[in-house]
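Novice: So that we are looking at the same thing, I have put the structure below in structure tokens.
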Amino acid sequence: MLHRRRLLNLLMGGAAMMAMPACANAPERSIRPALKPAPPVEGIVARSALGGELAFAVIDMQSGNLLEGQGANTALPPASVAKAMTALYALEALGAGYQFRTRLVATGPVSDGVLRGDLVLAGGGDPTLDTDMLAAMAAELVRGGVRQVTGKFLVWGGALPFVEAIADDQSVQAGYNPSVSGMNLNYNRVHFEWQRAGSDYSVSMDARSNRHRPAVSMAQMQVANRSSPLYTYRRTAVQDQWSVARSALGNSGSRWLPVRHPELYAGEVFRGLAQVQGLALPAPEITRNAPAGQDLVTHRSEPLQAMLRDMLRFSTNLSAEAIGMTASAARQGRPASLGASAAQMSDWARMRFGMSSARMVDHSGLGADSRVSMTDLANMFRLSGQDGALRAILREHPFRDASGNLRPRTDMDVRAKTGTLYFVSALGGYLRAPGGRDLAFAICSADLARRARVAGGQVDRPEGTAAWSQQARLMKQELLLRWAQAHS
């Protein structure tokens, strides 16, 4: 006789078996719970209370259909999202393996350790050259047997046109707005450090990198008894002359300032590094003539693809301008100016991606007069995404809460480039929705009237810009979440 509990278990199991559908095969697709309705765009925009203009476009990667758009054909400043265009422009013109070269050239013969002629530090436009790399070049020169130079020490930066400042509406102290040249060092920034010393301050200006910290004299700093402006700047024929308001310094601190004499900066630093190696050089002089002679030492940069990945991740403006102008030079010869190079890239974008709205004034997006529509930007991401080259070098876009803390997401993947100017906030790239659908998108919020009121002010962070940027970031995140939800 079966035990009563065992009999009940058997009967319950049989009942469950009988309740199963006739077809026991697993479904071809897993059953996903129904998604909640995506929040309306109007509510997202209203909560942000940004003012100005909002434009966005979302395009299906496979079909090319515009899924959502608002003001999508309005041309607005792309800010640093422009660097994605520059990356594509450079990859096509130069190739992923392209390397910049910085050379030490002898204009005369080297015999018994004596260079009977000039030594030329010749820049090739490398935006990533730093003091440690120059030190390695100096050491290699001496190891090669050069112990004396009878002629001049010259510096050539003519591989690219000289640009005194990328944009003319930034504060004088903005380290992200340096000069651009064929000879660049430390992103054309000098390190300013101060320390209270009794009732006064000790200050220093140097070209520091990981292993070396040579002082420089071509950049000078004076502490001034005033409350404003924070910094003043004067460019002489051979120096960058700075002053800083004493009231703003506190006990100690440091910051990077832009360099406006990049050739003399690199020349002074190299001369000091060579002296450490036992090679005495005369004071550097700038030459406008391309060097002809024997290459004694050549430094090669990282391959372009790695350089572009860093440019997009850290949004380095100097890299974008030097790389963009080098791409223009490879296509049609050395451009006459940064503006001419940007116009050439705009022409390329119109022909390559049909970007009829593209009117770029630079390659970094720092200039607020650049214009492009979000339809054109999103379509550029879609068309360039077919081979995956751009997506592979874009960083994963972080999601943050109102306090700035990271909010990890595992249900969607966003690879994108951000762009921020005062009262301009842009984002463009790729979104992979939870269901695996791939989208290309571009967003820009711009209050150009408010920007016009603060542009050119000599403060580091104009009033209202930080709060506005935070609201713009949160709004963009809400839009991304909406699109992921609505288009899975």
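What follows is calculated from the coordinates using simple rules that are stated; it is not laboratory data. Note that the structure is predicted; figures quoted are calculated from it, not measured. Ideal geometry is used to build each Cβ from the backbone, glycine not excepted, and the neighbour counts take in all protein chains shown.
Novice: List, in order, the whole-Hz ³J(HN,Hα) value for each residue of region 191-207 obtained from phi through the Karplus relation with A = 6.51, B = -1.76, C = 1.60 and θ = phi - 60°; use x for Gly and Pro.
Specialist: Working through the residues one at a time gives 8, 9, 10, 9, 8, 5, 10, x, 8, 10, 10, 9, 10, 9, 10, 9, 10 Hz.
Novice: A further question on this structure: What is the Cα convex hull volume of region 187-261 when expressed per residue in Å³?
Specialist: Spelled out: Cα convex hull of region 187-261, divided by residues, is 93 Å³.
Novice: Any chance you could check the Cα centroid distance between region 297-312 and region 165-209 for me, in angstrom?
Specialist: 23 Å
Novice: Going toward the positive end of the dipole of the chain, with +1 on Lys and Arg Cβ and -1 on Asp and Glu Cβ, which of Leu390, Val372, Val454 do you reach last?
Specialist: Farthest towards the positive end: Leu390.
Novice: Taking the Cα of Ala283, stepping 7 Å toward and past its beta carbon, and measuring to each backbone N in region 132-162: which are under 12 Å?
Specialist: Taking a point 7 Å out along Cα→Cβ of Ala283, no residue of region 132-162 has its backbone N under 12 Å.
Novice: Which of rounded, prolate or oblate describes the chain when judged by the alpha-carbon gyration tensor and an a/c cut-off of 1.5?
Specialist: In terms of gyration-tensor shape, prolate.
Novice: Here's a follow-up. According to the square roots a ≥ b ≥ c of the eigenvalues of the Cα gyration tensor, what is the shape class of region 255-315, taking rounded for a/c under 1.5, prolate for a/b larger than b/c otherwise, and oblate for the remainder?
Specialist: prolate
Novice: Any chance you could check the Cα centroid distance between region 428-459 and region 373-420 for me, in angstrom?
Specialist: That distance is 11 Å.
Novice: Classify region 149-228 as rounded, prolate or oblate from the Cα gyration tensor: take a ≥ b ≥ c as the square roots of its eigenvalues, call it rounded if a/c is under 1.5, otherwise prolate when a/b beats b/c and oblate if not.
Specialist: The shape class here is oblate.
Novice: Relative contact order of the chain, please, whole-number percent, based on alpha carbon pairs below 8 angstrom and at least 6 residues apart.
Specialist: About 23 percent, as a whole number.
Novice: On to the next question. Suppose every Lys and Arg Cβ carries +1 and every Asp and Glu Cβ carries -1, with no other charges. What dipole size does the chain come out with about its Cα centre, to the nearest 20 debye?
Specialist: Dipole of the chain, to the nearest 20 debye: 1340 debye.
Novice: Taking just the alpha-carbon atoms of region 406-488, what radius of gyration and Dmax come out, in angstrom?
Specialist: Rg then Dmax for region 406-488, in Å: 15.1, 48.
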